[in-house]
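The values are calculated or read from the model by the stated rules, or taken from the named source; none is laboratory data. Since the structure is predicted, the reported quantities are computational estimates derived from the model, not experimental observations. No Cβ is skipped: glycine too gets one built from the backbone with ideal geometry, and neighbour counts run over all protein chains shown.
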C-alpha cells in the first residue's frame with residue numbers, strides 16, 4: 001500500500017537523527033571546552049610535539065577544510081593541512097638514499113697538489129695533473145685550479161715573479177752566509193765601555209768567523225773588514241756568493257762594494273724580520289748565555305781571549321742539535337776505551353769530556 005510506512009525504516013531514521021543530534025551536541029561541547037581552554041591560556045602559545053602534530057594532521061585530512069573550519073579551535077585548518085602535506089613529503093623523500101653527488105677530492109690528493117705547487121714554482125695545472133697521473137690519481141685541471149685558489153696559491157706567472165725567502169735559502173744553501181753584530185760591556189781604565197763584535201756564520205755548516213772587534217765601527221773600518229772577508233788567500237767568504245744581513249746602517253755602501261768586487265752579493269733582509277737570520281741570532285744567544293753574560297770582562301784583551309775560547313769551544317767541543325747533535329769541526333776518531341778526561345775553558349765555565357788517546 002502507498003500509504004504504508006515501514007516501521008523498521010522509520011525506527012532507523014529516528015535513531016539516526018537522534019545519534020546525529022547527540023553527535024552535534026558532543027561536538028558543541030568539545031568546541032566550547034576548547035574555547036574555555038584557550039581563554040585559560042590567554043595569549044600563551046600552544047606548542048605541539050611531533051607526535052601530536054602527526055595525530056592531528058591525520059584526523060584533519062579525513063575531515064576536510066570545510067569541516068575543520070567549524071570545529072578546529074586550537075589550530076587553524078591551514079596549519080593542520082600544512083602538517084599533513086609535510087608528512088606526505090617526508091614519506092616520499094628519497095634524499096637519504098641518494099649519494100653525495102660528485103665526491104670531494106681525497107685529502108691525500110689535495111695535499112699532493114699543494115706540495116707540488118709550492119715546491120715547483122714553474123709547474124702549471126697540466127704539469128701537476130701529469131705528475132698526479134704518474135701516482136695513479138686522475139684529477140681535472142679545474143679541480144687543481146680550485147684547490148690552489150682555496151689556499152691562496154697564485155697561477156704560474158704570478159708564482160714565477162715571487163720568490164720566498166725559504167725558497168731562496170734552500171736553493172743557495174751551501175753558498176749563503178749570515179752576518180750580524182752583538183755588543184759586550186767591558187771594564188777598562190775609562191770605566192765601562194761598550195764593544196761591538198762583528199761575525200759571519202756559514203748557514204750550512206754553522207761555522208763562525210769573528211770578523212772584528214772594535215769600540216766604534218765606522219765606514220772605513222767596515223770597508224777594511226769587507227776586504228779581509230773576501231781576501232783571495234784566507235778570506236772567510238771565499239767561494240761564497242751571498243751574505244744576508246739586517247738593515248743596520250753599519251752595513252755601509254763601501255762594505256757592500258768590497259764584497260761585490262769579489263763576487264759576493266750582500267742581501268738585505270726584509271724589514272722587521274729577524275727570524276730570517278735565525279742562525280746568526282742563535283749564535284749570539286749561545287755565546288752570551290754560555291759565557292759573556294756569566295763573567296765580568298776586563299779590558300779589550302780579556303774580551304778577545306774570552307770570545308776566542310768560546311768560538312773554539314763552539315766549533316770543536318759543543319754538540320749542535322741542528323747538525324744531528326754533532327760537532328761543527330772534528331776530525332778525531334771516537335775512542336771508547338781510554339780514560340775519560342775533562343777539558344775546561346775560562347776557569348771551568350766551558351767543559352768538554354773526551355777519552356784519552358790509547
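Out of 300, 309, 289, I need the residue that is under 22 Å from residue 182 (Cα atoms) and surrounded by fewer than 11 Cβ atoms within 10 Å (Cβ to Cβ). Which one? Don't jump to the end; show me each part of the working.
Details: 300 fails: surrounded by fewer than 11 Cβ atoms within 10 Å (Cβ to Cβ); 309 fails: surrounded by fewer than 11 Cβ atoms within 10 Å (Cβ to Cβ).
The conditions single out 289.
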Expected output for region 237-260 (first residue within 16 Å of residue 277 (Cβ to Cβ) and outside the structural domain of residue 220 (by TED's automatic domain parsing), partner modelled with pLDDT under 90 and in a helix (DSSP H, G or I), Cβ below 6 Å, 6+ apart or cross-chain) is none
Whether any residue in region 285-299 is in the same structural domain as residue 201 (by TED's automatic domain parsing), within 27 Å of residue 218 (Cα to Cα), in a helix (DSSP H, G or I) and touching a helix residue (DSSP H, G or I) at 6+ places or on another chain (Cβ under 6 Å) is what I want to check. yes
Against the definition (crowded, with 20+ Cβ neighbours inside 10 Å, at negative phi, under 41 Å from the mean Cα position of the chain (by Cα) and modelled with pLDDT under 90), how does residue 276 come out, yes or no? no
So, restricting to strands (runs of 3 or more DSSP E) that lie completely within region 194-283, which ones have at least 1 residues that are closer than 22 Å to residue 311 by Cβ? 208-214, 242-245
